[in-house]
Every structure is written in C-alpha cells, then in structure tokens.
1. In percent, how large is the relative contact order of segment 78-235, given Cα pairs closer than 8 Å and 6 or more residues apart?
2. Please calculate the 1.4 Å probe accessible area of Glu289, with all protein chains present, and give it to the nearest 10 Å².
3. Note down the accessible area of Lys285, probe 1.4 Å, to the nearest 10 Å².
4. Measuring from centroid to centroid over Cα atoms, what is the spacing of segment 229-307 and segment 1-56 in Å?
5. For the chain, what does the relative contact order come out to in percent, with C-alpha contacts under 8 Å and a separation of six or more?
6. Could you give me the ³J(HN,Hα) list for segment 122-127, computed from phi with Karplus coefficients 6.51, -1.76, 1.60 and θ = phi - 60°, whole Hz, x at Gly and Pro?
7. Can you give the helix-only mean residue ellipticity at 222 nm for the chain, where every DSSP H stretch with n ≥ 4 adds -39500 (n - 2.57) and the sum goes over all residues, rounded to the nearest 500 deg cm²/dmol?
8. For segment 194-227 and segment 125-171, what is the separation of their C-alpha centers, rounded to whole Å?
Amino acid sequence: MLYVVQTALELGFMYALVAMALFLSYRILDIADMTTDSGFVLGAAVSVTCAAVGHPVLAVFAAMAAGACAGYVTAFLQTRMGVPSILAGIITNTGLYTVNLMVMGWSSNVSLLKQDTMFTLFRDLGIGGGFYKLILAGGITMFAGAALVWFLGTRLGLSIRATGDNAAMVRASSINPAFTITVGLCISGALCALSGGLLAQYQKSCDINVGTGMVTIALASLIIGETLLGKRTMLRRIIGVVFGSCLYRFIVAVALRFNVPAAAMKLVSAIIVAIAISMPAIKEKIAFEQRKHGACRRRVTTGKEGK
C-alpha cells in the first residue's frame with residue numbers, strides 16, 4: 001500500500017503542473033486552451049531528446065521554453081489574427097502533432113533506458129533514499145506553485161487576473177489585454193511542458209500519444225481541489241490544484257491495485273472526471289435539500305406550537 005501511495009504522489013505532483021497551467025488559462029484568463037494535450041507531449045519530446053544527448057537538466061528548461069513558444073502561437077492567433085480562443089488552441093494543437101514527431105526524429109516513441117535523467121542524477125546525490133523521485137517531483141511542483149502564487153500577486157499578475165475578469169475594464173485602464181493574455185498563455189504553456197518533460201524523464205520514455213485526454217484529467221484535478229479545499233485565497237486554490245491531482249492519481253492507482261483491466265482504465269478515468277465535474281452541482285443539490293428539509297421541520301414545529 002505504501003508503494004501505491006508513493007507512486008500516486010509522485011505522478012500527482014508531476015500532473016499537478018498541468019492542472020496549474022489549466023488553472024491559469026481557464027480559471028484566471030477565462031480561456032479554454034486546447035493546446036494542453038499536444039503541449040504536454042511537446043515538453044516530453046523536447047525533454048527526452050535533450051536528455052538523450054546528455055543534458056537532462058537543460059532538457060527541462062528547453063521543454064519549458066518550447067511550451068512557452070506554443071502558448072505564444074495560441075495567443076498570437078487569438079489576439080493578433082482574430083481567431084476565437086478555442087479555435088486558436090485547436091489549430092495550435094493540430095500543428096504541434098507534426099512538430100512533436102519532428103522533435104522525436106519522426107519516431108512515435110523514444111526511450112531513455114540507458115541515459116541519465118534528472119531523477120537518476122538526484123538519486124546519485126544520495127538524498128531521500130527510496131523516496132528520491134517523490135522529493136524531486138514534489139520539490140519542483142511546490143516551487144512552481146509558490147512562484148505562481150507570487151507572480152499572480154505582482155502588478156503584472158494582477159493585470160492578468162483583471163483581464164480574465166473584465167478585459168474591457170483592463171483596456172480602459174490603459175493596460176493592453178493582448179499582452180496580458182500572451183504572457184498568461186506563455187506561462188501556462190511552460191507549466192504544461194514542464195509537466196511533460198518531468199514525466200518523460202520519470203518514465204524514461206516518450207510516446208506521441210502520451211498527452212491524450214490531458215485536458216480532462218487536469219480539469220478533474222482542478223475541480224476536485226476547488227470542491228474540497230475551496231477557493232477563498234490564491235494560495236488555497238493552488239494547494240487545491242496539487243491536492244486534487246494527487247487524489248486523482250491515488251484513485252487511479254487504487255483501481256489498478258484491484259486488478260482493473262488496463263482496457264477499462266479509460267472508463268475509470270471517465271467516471272472520475274464525470275464525478276469531479278458534477279461535484280459542485282451535487283454539493284449544491286445536497287445543500288438545497290438540507291435547507292428544504294429544515295424549512296419543512298420549522299413549519300411543522302410552528303404549526304404544532306400554534307395548536
């Protein structure tokens with residue numbers, strides 16, 4: 001059971017970076033960014049390619065730069081070319097498929113079995129013992145989360161938040177919404193690619209289809225965190241994103257532990273996503289029924305007292 005929890009936390013921390021990217025684009029900027037799937041693969045492809053030639057640490061920064069470029073393309077199509085945000089993401093997502101194959105040397109799968117990765121280099125330092133993967137993944141995610149909380153509290157970060165709330169008001173305040181959207185989507189793309197880059201080195205491989213369904217998984221993690229921890233402060237919301245991602249991976253790990261067939265895991269993931277997305281409505285319905293039941297009891301009590 002300890003192994004299941006450890007693996008779920010390791011994967012949860014890495015996938016939390018994608019959820020943070022979706023949080024920034026979807027919750028803060030109010031943009032449905034559809035580049036998440038291919039942006040995740042782009043980060044994995046760049047990370048594996050750079051690590052294969054002996055630069056595993058540089059590979060992560062290269063992956064983030066590539067992800068930021070993908071975000072810039074989406075923002076450019078949206079802000080400069082007048083393409084609707086969801087279509088801009090779909091266009092970039094489609095084009096990235098070929099770019100990812102190109103980065104991987106026109107191969108659908110690349111392996112790092114005989115190369116060093118960030119995780120093996122960290123293990124060789126003798127830190128953490130058998131928990132070295134968890135410590136490294138958790139440390140990077142916590143640092144990224146803290147940096148995101150700090151950034152969203154800066155003047156530029158507040159401008160980005162205001163753009164998502166009311167772009168017209170931001171424009172009237174002499175702030176260029178095209179610039180804030182571009183910065184926001186670049187950071188979102190970098191976080192998404194960072195997640196892919198870490199996962200690729202964690203698994204020592206990259207597949208062209210590794211990012212399939214990443215949008216729904218990240219959205220489920222985001223909603224789980226918001227439902228369970230709330231969204232009163234920015235710090236709590238980011239912690240909720242990480243918690244939701246870890247909980248999602250734990251549920252999947254438990255399903256695998258109980259010998260759920262691999263062919264059925266897509267169904268399990270779909271059920272988890274459906275429940276997660278429905279949780280706010282279910283919670284509201286339960287609260288309504290409780291208020292309704294309480295009102296009925298008060299009427300009955302009042303009626304008895306009147307008699």
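1. On the way: 71 pairs, mean separation 49.0, N = 158.
Computed over segment 78-235, the figure is 31 percent.
2. 80 Å²
3. It works out to around 110 Å².
4. Rounded to whole Å, the Cα centres lie 25 Å apart.
5. Values: 475 pairs, mean separation 100.0, N = 307.
The value is 33 percent.
6. With the stated coefficients, segment 122-127 comes to 5, 5, 5, 6, x, 9 Hz.
7. Values: 12 runs with 235 residues, N = 307.
Computed ellipticity for the chain at 222 nm equals -26500 deg cm²/dmol.
8. Between the Cα centres of segment 194-227 and segment 125-171 lies a distance of 17 Å.
The values are calculated or read from the model by the stated rules, or taken from the named source; none is laboratory data. Not measured: the values here are computed from a predicted model. For neighbour counting, all protein chains shown are included, and Cβ atoms are generated from backbone atoms with ideal geometry for every residue, glycine included. Side chains are part of the model used for accessible areas, which takes the heavy atoms of the whole protein and leaves out ligands, DNA and RNA. Shrake-Rupley method; radii C 1.70, N 1.55, O 1.52, S 1.80 Å.
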